[in-house]
Amino acid sequence: MRYTFKEFKEEYPNEAACLNAVLENRYGDTCPRCGVVGVTFHPINGRQGFVCSECDHHIYPLADTIFRKSSTSLESWFHAIYLFSVAKNGVSAKELERHLGVTYKTAWRMCKQIRLLMQQESDKLTGTVEVDETYYGGKGTRNWQNEKTPIYGVTERGGQAKAVVAHGGVNATTAIPFLKSRVELGSKVMSDESRIYNRVKRDYTHAFVTHSKEQYVDGDIHTNSIEGFWGNMKNAISGTYHCVSPKYLQSYVNEFVFRYNYRAVAVGPVLLERAGKRI
């Protein structure tokens, strides 16, 4: 579960090592043009590219990745990804600016790009699943802070979570499609007494607790896991990012879903491997 900075620097000591890592993640030892396995990729002097030893095809591994068209060094990018991997509550652009010595505009873009590596996966949750909705935002100094933004979330008992910003509002019309797209039909769904989940029983085994009567646990029926996720996410956003606009809120939700889902593994290698893939 640990991936220390010492291990990180041993694996990626310089710019060339970072570039070679992206090349290996994307192509391994197979040329995308001639298809020959076991080729050698020779670096091109003065460029972030390589030449295939078999067909002389030029390969630029940073194309179509989060590093595309960036003048920031790969060492700085990899360092930023490492910082994201060890920070439980996220990394703000101002913090990245101080660590890397880049401008705030550059740091903000890097944070935005790194969150692209934390997209939610498409597999569905199974077994016993808890569903709940929450709201982010409220009164503040900016116009968009005056309205709360609704978010739907589901957690699998002892497993993963998924969450999405509910742009269509909180109602049965948006809640049921959200569940069907993220939870296997026939699973056991736990919720509170909200009426928007009344139709859940058509496709799932549904049980609920009545929070309005101060009932929070009834045997194994509760929504404590999803509520714990909401609490961690809101505290982290409030403490690290302070405020997030509705326009970018989904990317921040993705970040904390990713952190929750990979809470039992070392996140650094996962993010660094994803960084070498097409986005």
Regarding Ser122, is this residue polar (S, T, N, Q), more than 21 Å from Gly268 (Cβ to Cβ) and without any contact (Cβ under 8 Å) to a residue 60 or more places away in the chain? yes
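Answer yes or no as to whether Ser70 is more than 20 Å from Glu11 (Cα to Cα), assigned by TED's automatic domain parsing to the domain that holds Met110 and surrounded by 13 or more Cβ atoms within 10 Å (Cβ to Cβ).
On the way: more than 20 Å from Glu11 (Cα to Cα): yes; assigned by TED's automatic domain parsing to the domain that holds Met110: yes; surrounded by 13 or more Cβ atoms within 10 Å (Cβ to Cβ): yes.
Against the criterion (more than 20 Å from Glu11 (Cα to Cα), assigned by TED's automatic domain parsing to the domain that holds Met110 and surrounded by 13 or more Cβ atoms within 10 Å (Cβ to Cβ)), Ser70 qualifies.
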Go through region 1-13 and give me each residue that's surrounded by 12 or more Cβ atoms within 10 Å (Cβ to Cβ) and not in a helix (DSSP H, G or I). Tyr3, Thr4, Tyr12
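Answer yes or no as to whether Thr103 is within 21 Å of the chain's Cα centre (by Cα), more than 18 Å from Phe8 (Cβ to Cβ) and assigned by TED's automatic domain parsing to the domain that holds Gly28.
Details: within 21 Å of the chain's Cα centre (by Cα): no; more than 18 Å from Phe8 (Cβ to Cβ): yes; assigned by TED's automatic domain parsing to the domain that holds Gly28: yes.
No: the conditions fail for Thr103.
Of all the residues that make up region 159-191, how many are touching a strand residue (DSSP E or B) at 6+ places or on another chain (Cβ under 6 Å) and under 20 Å from Val253 (Cβ atoms)? Please lay out each step first, then the result.
Pass one, region 159-191, residues touching a strand residue (DSSP E or B) at 6+ places or on another chain (Cβ under 6 Å): 161-166, 170, 178, 182-183, 187-191.
If we keep only those that are under 20 Å from Val253 (Cβ atoms) too, we end up with 161-166, 170, 178, 182-183, 191.
Qualifying residue count, region 159-191: 11.
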What pairs come up if the first residue lies in region 126-155 and is modelled with pLDDT of 95 or more, the second is part of a loop (DSSP other than H, G, I, E, B) and aromatic (Phe, Trp, Tyr), and their beta carbons are under 9 Å apart, counting only those six or more places apart or on different chains? Val129/Tyr204
Inspect all residues belonging to region 57-71 and state whether any of them is aromatic (Phe, Trp, Tyr), assigned to a loop (DSSP other than H, G, I, E, B) and touching a residue at least 24 places away in the same chain (Cβ under 8 Å). yes
Residues of region 43-54 satisfying the condition of being over 34 Å from the mean Cα position of the chain (by Cα) and loosely packed, with under 13 Cβ neighbours inside 10 Å: Asn45
Say we look at region 193-221 and pick out the residues that are within 30 Å of the chain's Cα centre (by Cα) and assigned to a strand (DSSP E or B); which of these is surrounded by the most Cβ atoms within 10 Å (Cβ to Cβ)? Phe208
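Which residue, of Tyr216, Tyr260, is among the hydroxyl-bearing types (Ser, Thr, Tyr) and either at pLDDT below 95 or more than 27 Å from His79 (Cα to Cα) (or both)? It would help to see each step written out before you state the result.
Numbers: Tyr260 fails: either at pLDDT below 95 or more than 27 Å from His79 (Cα to Cα) (or both).
Exactly one residue qualifies, and that residue is Tyr216.
Quick one: would you say Val91 is surrounded by 21 or more Cβ atoms within 10 Å (Cβ to Cβ), more than 18 Å from the chain's Cα centre (by Cα) and in contact (Cβ under 8 Å) with a residue 24 or more places away in the chain?
Details: surrounded by 21 or more Cβ atoms within 10 Å (Cβ to Cβ): yes; more than 18 Å from the chain's Cα centre (by Cα): no; in contact (Cβ under 8 Å) with a residue 24 or more places away in the chain: yes.
So Val91 does not fit the description; no.
The values are calculated or read from the model by the stated rules, or taken from the named source; none is laboratory data. On a predicted model such as this, the values are computed, not experimentally measured, just so you know. All Cβ positions, glycine included, derive from the backbone under ideal geometry; neighbour counts span all protein chains shown.
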